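Comments concern the structure below.
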Amino acid sequence: MKLTRRDTLWLGLGGLATAALPGAGLAATVEELTAGFAGGATPGTGGITLTAPEIAENGNTVPIEVSAPGAVAIMLIAPGNPEPSVATFTFGPAAGSQRAATRIRLAKTQDVLALAKMADGSVVQAQSTVKVTIGGCGG
Amino acid sequence: MITRREFLQASLATSMLWGASGIGNWSRLAAQQALSQDKLLEFDDFGNVTLIHITDIHAQMRPIWFREPEWNIGVGAAQGQPPHVVGKEFLQMFQIAPQSPEAYALTYEDFSALGREYGKMGGLDRVATVVAAIRAARPEALLLDGGDTWHGSMTSFLTKGQDMVNAMNLLGVEAMTSHWEWTYGADRVREIVENDLQFPFLGANIFDAEWDEPAFEPYQMFERGGVQVAVIGQAFPYMPIANPRWMFPEYSFGIREERMQEMVDEVRAKGADLVVCLSHNGFDVDRKMVSRVQGIDVILTGHTHDAVPEPVVIGETILIASGSNGKFVSRVDLDVRDGRMMGFRHKLIPIFADVITPDPEMAALIEAERAPFKAQLEEEIGTTESLLYRRGNFQGTWDDLICDAIRSERDAQIALSPGVRWGPSLLPGDAITREDIHNVTSMTYGQCYRTEMTGEVIKTILEDVADNIFNTDPYYQQGGDMVRVGGIGFTCDVAKPIGSRISEMVLTDTGATVDAASSYTVAGWASVNEGTEGPQIWDVIEAHVKKLGTVRVAPSDTVRVTGL
């Protein structure tokens, strides 16, 4: 069986399926990722909350939380990373809440993107600018 | 329940009262040449709760000169709004007469001449007198310190903040929040908080970095005048970015406005009639935060060193900005009834050191703290013929001198000096003592490094720092001023986005364009990287000033600012 990248993402059942591609050269673009996730639906807004720091204290481990009540899946994308795909969380019918928190690495300042797919197939998205700075000079 | 409209009417009524008792009165005092302690303290008691706010003292125990900024550029929604108003426009906005004591205290023009006329400002012994006078009128007045208290002088550096901790205990501070305090390291902060500090060290936004759980007390409840007052602390949000993260690796900060909202809701549920946020966010960050967090009555704002003579009203919240370096004390009287703030009266009290009698007990403490180091502190290294100042968005003569010292002593083509907002001024004719040099450089990571950087890296640094000041979203501003440079000039278009603000970078010695791919020798200080090597910056400056004997610095014109 040929396992496509999209299939891989959908293998997670309530857990975390990280994208583990062999090299950045094969990284899917943000457009490919969102189109694949949304399955043709145009992402709306509202119903999804993305919480991220305004300025990363440490770009190597940035706390990100995303919550989308009623979602069956949530996808996190870091468009400014060599590999934009970060994670997709899927939620089964027994999930107590549709919320995920993790820490991600950000290569540079960028708009982190979160998409949530609802049970009816509709998709919503939220984004948040996280600044990764060299720091210093605060006074 | 008071409606928004009633609230605004109440504000208007009190702002009319300011004419008799607050800032408006200063002009009249100047006309009468009647600057006296009684006049400075004059205040018609109002309401049932009094707050006293001090902030950003930067360990300045004794009176200082402090020239307010010539450049304080506001971007986005903050453009042209206080505190982004300077000089003549500031005087017009607050109806202050040029050349008056308040013009000297609050603006930069004719600073040297007015300084000679009206004298130094600040001094913790004078602050103690003012606090005692307010407490005599209002025994239950609540004294709150916005932080940046333990750092900024030679004695605070040598005692790791102990001199200021002792002084603040004596002053009777009742809660504080923090920023530069952390640069003594997390162990030292915990040692002081656990053993020495006689009041709470608040920070709703200080979290354990590993588990992301609250690490310090978020708030303290006080009963004053029959009213439940909640004081929520907000430490400097960008601590691990703007200052060395390795010094307090176990903590995480951030604005965390959801957490602030939770804390407001929690204290309200506990019966708070008045919610005060003691903040080290900086003015613009507080202005934004208060538009998004509901239920804060008063924000006592700090970090950006702004002295604003009248409260800025945002929705139903008042923002109080009390300056820096001990130059001002704010008194805020509030009428709190039925669980609501119904009105306020405010005065930014200028601490004219020659007018206010020092408190003897505090004066004795200051002398005792200085005594072990006195000879070291007061040794004269040189003299200045020029006004030396730092505060402002771009270049200042103190940093021009520091950059000259770095280039000369460290044999570098380019010097970088951090755009911190602290550092008092010196007037022409003043001696430059060792203590004066420490006042503009004191820190626990003062090593003066020397390295090579490409033109591209230098531009990236300038762009990055510029975005920390001129990003139109205050939540992306760290609150320092622009990095100061020696040996290069550039143009900064403040209206552009990150990556395109800096242009026309040239070497000032030759006029040659700075080439992106070429390598240059660069020296600077205050690196946030662990293991930075080099002599301490104050020793570098001392060696340079000793060689010069007499310092003459013309304000530099190597940085061009556009997009205003």
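The values are calculated or read from the model by the stated rules, or taken from the named source; none is laboratory data. In this text the structure is predicted, and so the values were computed from the model without any measurement. Cβ sites come from the backbone with ideal geometry, for glycine too, and all protein chains shown count toward neighbours.
Quick check on my filter: what residues within region B:65-101 are within 30 Å of B:Leu365 (Cα to Cα) and crowded, with 23+ Cβ neighbours inside 10 Å? Residues satisfying the conditions are B:Phe66, B:Arg67, B:Glu68, B:Pro101. Checked against (1) within 14 Å of chain A (Cβ to nearest Cβ); (2) closer than 29 Å to B:His53 by Cβ, B:Ser417 meets all criteria but (2).
So, restricting to strands (runs of 3 or more DSSP E) that lie completely within region B:494-564, which ones have at least 3 residues that are within 30 Å of B:Glu378 (Cβ to Cβ)? Once the strands (runs of 3 or more DSSP E) in region B:494-564 are filtered for at least 3 residues that are within 30 Å of B:Glu378 (Cβ to Cβ), what remains is B:519-525.
State which residue is surrounded by the fewest Cβ atoms within 10 Å (Cβ to Cβ) when the search covers only region B:491-522 and only residues that are among the hydrophobic types (A, V, I, L, M, F, W, C) and touching an Asp or Glu at 6+ places or on another chain (Cβ under 8 Å). If we take residues in region B:491-522 being among the hydrophobic types (A, V, I, L, M, F, W, C) and touching an Asp or Glu at 6+ places or on another chain (Cβ under 8 Å), then B:Ala517 is surrounded by the fewest Cβ atoms within 10 Å (Cβ to Cβ).
Within region B:164-202, the residues that satisfy the criterion of being farther than 27 Å from B:Arg62 by Cβ and either surrounded by fewer than 16 Cβ atoms within 10 Å (Cβ to Cβ) or without any contact (Cβ under 8 Å) to a residue 40 or more places away in the chain (or both) are B:Ala186, B:Asp187, B:Arg190, B:Glu194, B:Pro200. Residue count for region B:31-74, restricted to those that are touching a residue at least 12 places away in the same chain (Cβ under 8 Å) and assigned to a helix (DSSP H, G or I): 5. Checked against (1) out of contact with any His (no Cβ under 6 Å at 6 or more places or on another chain); (2) in a loop (DSSP other than H, G, I, E, B); (3) among the hydroxyl-bearing types (Ser, Thr, Tyr), B:Ser324 meets all criteria but (1). Only one of the listed residues (B:Leu91, B:Leu114, B:Leu144, B:Leu170) is of a type in the set (A, V, I, L, M) and part of a strand (DSSP E or B). That residue is B:Leu144.
Scan region B:209-219 and tell me whether some residue there is surrounded by fewer than 19 Cβ atoms within 10 Å (Cβ to Cβ) and touching a Leu at 6+ places or on another chain (Cβ under 6 Å). Yes, because at least one residue in region B:209-219 is surrounded by fewer than 19 Cβ atoms within 10 Å (Cβ to Cβ) and touching a Leu at 6+ places or on another chain (Cβ under 6 Å). Annotation note: of B:Val485, B:Val465, B:Val494, the sole residue that is at pLDDT 95 or above and either within 12 Å of chain A (Cβ to nearest Cβ) or touching a Cys at 6+ places or on another chain (Cβ under 9 Å) (or both) is B:Val485.
Listed here are the residues, each with its yes/no results for (1) within 21 Å of A:Thr102 (Cα to Cα); (2) among the polar types (S, T, N, Q); (3) out of contact with any helix residue (DSSP H, G or I) (no Cβ under 8 Å at 6 or more places or on another chain); (4) at pLDDT 85 or above.
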residue: A:Thr8; (1), (2), (3), (4): yes, yes, yes, no
residue: A:Gly12; (1), (2), (3), (4): yes, no, yes, no
residue: A:Gly15; (1), (2), (3), (4): yes, no, yes, no
residue: A:Pro22; (1), (2), (3), (4): no, no, yes, no
residue: A:Thr34; (1), (2), (3), (4): yes, yes, yes, yes
residue: A:Ala38; (1), (2), (3), (4): no, no, yes, yes
residue: A:Glu57; (1), (2), (3), (4): yes, no, no, yes
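Among the residues of region B:208-231, those that are free of Cβ contacts under 8 Å to residues at least 60 places away in the same chain and under 16 Å from B:Leu300 (Cβ atoms) comprise B:Pro218, B:Tyr219, B:Gln220, B:Ala230.
Conditions tested, residue by residue: (1) over 26 Å from the mean Cα position of the chain (by Cα); (2) of a type in the set (Val, Ile, Thr).
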{"site": "B:Arg190", "(1), (2)": "no, no"}
{"site": "B:Val193", "(1), (2)": "no, yes"}
{"site": "B:Asp196", "(1), (2)": "no, no"}
{"site": "B:Pro200", "(1), (2)": "no, no"}
{"site": "B:Ala204", "(1), (2)": "no, no"}
{"site": "B:Phe207", "(1), (2)": "no, no"}
{"site": "B:Ala215", "(1), (2)": "no, no"}
{"site": "B:Val227", "(1), (2)": "yes, yes"}
{"site": "B:Ala230", "(1), (2)": "no, no"}
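Run B:Tyr108 past the list (1) touching a residue at least 40 places away in the same chain (Cβ under 8 Å); (2) more than 21 Å from B:Ile320 (Cβ to Cβ); (3) in contact with a Leu (Cβ under 8 Å, 6 or more places away or on another chain) and report the number of the one that doesn't hold. Evaluating B:Tyr108 over (1) touching a residue at least 40 places away in the same chain (Cβ under 8 Å); (2) more than 21 Å from B:Ile320 (Cβ to Cβ); (3) in contact with a Leu (Cβ under 8 Å, 6 or more places away or on another chain) leaves (3) as the failure. For region B:173-222, how many residues are among the acidic types (Asp, Glu), more than 14 Å from chain A (Cβ to nearest Cβ) and in a helix (DSSP H, G or I)? Here the count works out to 4. Among the strands (runs of 3 or more DSSP E) confined to region B:328-401, the ones with at least 3 residues that are under 27 Å from B:Trp538 (Cβ atoms) are located at B:380-384.
Taken over region A:60-80, the criterion of being within 24 Å of B:Gln478 (Cα to Cα) and surrounded by 18 or more Cβ atoms within 10 Å (Cβ to Cβ) is satisfied by A:Val62, A:Pro63, A:Ile64, A:Ala78.
Scanning region B:510-539 for residues that are in contact with a strand residue (DSSP E or B) (Cβ under 7 Å, 6 or more places away or on another chain) and closer than 15 Å to B:Ile414 by Cα gives B:Ala512, B:Thr513, B:Val514, B:Ala516, B:Ser518, B:Ser519, B:Tyr520, B:Thr521, B:Val522, B:Ala523, B:Gly524, B:Trp525.
State yes or no: is B:Met505 within 14 Å of chain A (Cβ to nearest Cβ) and touching a strand residue (DSSP E or B) at 6+ places or on another chain (Cβ under 8 Å)? When the stated conditions are applied, B:Met505 does not pass them. Any chance you could count how many residues in region B:146-172 are within 14 Å of chain A (Cβ to nearest Cβ) and of a type in the set (Asp, Glu)? Final tally of qualifying residues: 1. Restricting to region A:54-88, give me the number of residues that are more than 14 Å from chain B (Cβ to nearest Cβ) and closer than 30 Å to A:Ile134 by Cα. Adding up the residues that qualify gives 13. Within region B:417-440, identify whether any single residue is free of Cβ contacts under 8 Å to residues at least 60 places away in the same chain and assigned to a helix (DSSP H, G or I), and answer yes or no. The answer is yes, given that some residue of region B:417-440 is free of Cβ contacts under 8 Å to residues at least 60 places away in the same chain and assigned to a helix (DSSP H, G or I). Looking at region B:529-564 only, could you name the residues that are touching a Phe, Trp or Tyr at 6+ places or on another chain (Cβ under 7 Å) and of a type in the set (A, V, I, L, M, F, W, C)? Selection gives B:Ile537, B:Val559, B:Val561. Checking B:Asp464, B:Asp399, B:Asp436 one by one, the residue that is surrounded by 24 or more Cβ atoms within 10 Å (Cβ to Cβ), of a type in the set (Asp, Glu) and closer than 26 Å to B:Trp246 by Cβ is B:Asp399 and no other.
Does B:Ala412 qualify as being in contact with a strand residue (DSSP E or B) (Cβ under 7 Å, 6 or more places away or on another chain), away from chain A (no Cβ under 13 Å) and part of a loop (DSSP other than H, G, I, E, B)? Yes. Taking the criterion of being within 25 Å of the chain's Cα centre (by Cα), over 11 Å from B:Ile406 (Cα atoms) and within 14 Å of chain A (Cβ to nearest Cβ), the residues of region B:514-564 that qualify are B:Ala526, B:Ser527, B:Val528, B:Asn529. Answer yes or no: is there a residue in region B:217-226 that is over 22 Å from B:Gly339 (Cβ atoms) and not basic (Lys, Arg). Within region B:217-226 (the criterion being over 22 Å from B:Gly339 (Cβ atoms) and not basic (Lys, Arg)), the answer is yes, since at least one residue qualifies. Please go through region B:468-482 and pick out each residue that is part of a helix (DSSP H, G or I) and at the interface with chain A (Cβ under 10 Å from one of its Cβ atoms). B:Asn468, B:Ile469, B:Pro474, B:Tyr475, B:Tyr476, listed by residue number.
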